[in-house]
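A.B. asks: To start, I am sharing the structure in question, which I have written as structure tokens.
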Amino acid sequence: MEELIAKKYIKALKQGSDLESMKNMTDVFSILADAFQNEKFVNIVNNPHVNVNDKSTILLEAVKSSESVRINNLIKLLVENKRINIIPAIAKELKKDMAKSTKTYEGVIYSNSEIDTKVMTELSNGLSKKFDSTITLSFVKNDFNGIKVEVEGLGIEINFSKDRINNQIIEHIIKAI
């Protein structure tokens, strides 16, 4: 639900904005969204005893460096409509929109064994060519027995499971017998 509301705000923000100002807004809202990881900050903005003007002042002070009238007006609107909590959703949707506009995506490689940087670069370059975009991949070690590549912005998920490959080889041998 928050994503739908966030998309409406973003649609309004995009009207008449160039790519540079959208990048600025994305950066500002990403930083604001990070503030929602702080428990004290969340307690203040969710506290019904804190005056609306005080909440507005806190948020406006946080985005002051952007010197953007649009961002300031959006913050005021969010505070008035008691929708401060959708700021992380706005940040996420702005990142997706910016990635789509610039064709620059970030992905993750999951595996239980270390992946060489050369392999990561080759995967990144191959996917970039395939999808006519710039894709950068980072590595996360987990318990997946194989290699799994996810690029959320493009909706890509590729995985090679050692267990599945072994099972398919066994099935193929059994069928051949």
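A.B. asks: Within the stretch 145-177, how many residues turn out to be surrounded by 11 or more Cβ atoms within 10 Å (Cβ to Cβ) and not acidic (Asp, Glu)?
C.D. replies: Adding up the residues that qualify gives 19.
A.B. asks: Kindly provide the set of residues from the stretch 139-162 that are touching a residue at least 12 places away in the same chain (Cβ under 8 Å), assigned to a strand (DSSP E or B) and not acidic (Asp, Glu), ordered by number. Write out each step before concluding.
C.D. replies: Of all residues in the stretch 139-162, those touching a residue at least 12 places away in the same chain (Cβ under 8 Å) come to 139-154, 156, 159-162.
Applying the additional criterion that residues be assigned to a strand (DSSP E or B) yields 139-141, 146-151, 156, 159-161.
Of everything in the stretch 139-162, those that are touching a residue at least 12 places away in the same chain (Cβ under 8 Å), assigned to a strand (DSSP E or B) and not acidic (Asp, Glu) turn out to be 139, 140, 141, 146, 147, 148, 149, 151, 156, 159, 160, 161.
A.B. asks: Right, something else. Does the stretch 126-135 contain at least one residue that is farther than 26 Å from residue 5 by Cβ, modelled with pLDDT under 90, of a type in the set (Phe, Trp, Tyr) and in a helix (DSSP H, G or I)?
C.D. replies: yes
A.B. asks: Now for a separate question. Scan the stretch 97-115 residue by residue and report those that are under 24 Å from residue 10 (Cβ atoms) and buried (at least 17 other Cβ atoms within 10 Å of the Cβ).
C.D. replies: The answer is 97, 98, 99, 105, 107.
A.B. asks: Only one of these is of a type outside the set (Asp, Glu), farther than 24 Å from residue 26 by Cα and surrounded by fewer than 17 Cβ atoms within 10 Å (Cβ to Cβ): 72, 142. Name it.
C.D. replies: 142
A.B. asks: Can you tell me how many residues within the stretch 113-172 are among the polar types (S, T, N, Q) and more than 22 Å from the chain's Cα centre (by Cα)?
C.D. replies: Residues of the stretch 113-172 that are among the polar types (S, T, N, Q), as a first pass: 113, 117, 121, 124-125, 128, 133-134, 136, 138, 142, 145, 159, 161, 166-168.
Within this subset, residues satisfying the condition of being more than 22 Å from the chain's Cα centre (by Cα) are 113, 117, 145, 161, 166-168.
Count: 7.
A.B. asks: Return the only residue of 123, 94 being over 30 Å from residue 8 (Cβ atoms), surrounded by 14 or more Cβ atoms within 10 Å (Cβ to Cβ) and touching a residue at least 24 places away in the same chain (Cβ under 8 Å).
C.D. replies: Matching residue, one of 123, 94: 123.
A.B. asks: Do we find that residue 11 is among the charged types (D, E, K, R), outside the structural domain of residue 153 (by TED's automatic domain parsing), touching an Asp or Glu at 6+ places or on another chain (Cβ under 9 Å) and under 27 Å from residue 152 (Cβ atoms) in this structure?
C.D. replies: Numbers: among the charged types (D, E, K, R): yes; outside the structural domain of residue 153 (by TED's automatic domain parsing): yes; touching an Asp or Glu at 6+ places or on another chain (Cβ under 9 Å): no; under 27 Å from residue 152 (Cβ atoms): yes.
Judged against the criteria, residue 11 is not a match.
A.B. asks: Scan the stretch 77-111 for residues that are assigned by TED's automatic domain parsing to the domain that holds residue 149 and out of contact with any helix residue (DSSP H, G or I) (no Cβ under 9 Å at 6 or more places or on another chain) and report the count.
C.D. replies: So the answer is 2.
A.B. asks: Going through 69, 63, 50 one at a time, which residue ends up being under 23 Å from the mean Cα position of the chain (by Cα), in the same structural domain as residue 19 (by TED's automatic domain parsing) and at pLDDT below 85? Give the steps one after another, and end with the answer.
C.D. replies: Values: 69 fails: under 23 Å from the mean Cα position of the chain (by Cα); 50 fails: under 23 Å from the mean Cα position of the chain (by Cα).
None of the others qualify; the one that does is 63.
A.B. asks: On to the next question. Counting only residues that are part of a helix (DSSP H, G or I) and not hydroxyl-bearing (Ser, Thr, Tyr), how many does the stretch 47-59 have?
C.D. replies: So the first thing to find is which residues in the stretch 47-59 are part of a helix (DSSP H, G or I), and the list is 52-59.
Going one step further and asking which of them are not hydroxyl-bearing (Ser, Thr, Tyr), we end up with 52-55, 58-59.
Total satisfying the criteria: 6.
The values are calculated or read from the model by the stated rules, or taken from the named source; none is laboratory data. All values derive from a computational prediction rather than experimental measurement. Quick reminder, even Gly has a Cβ in these numbers, built from the backbone with ideal geometry, and neighbours come from all protein chains shown.
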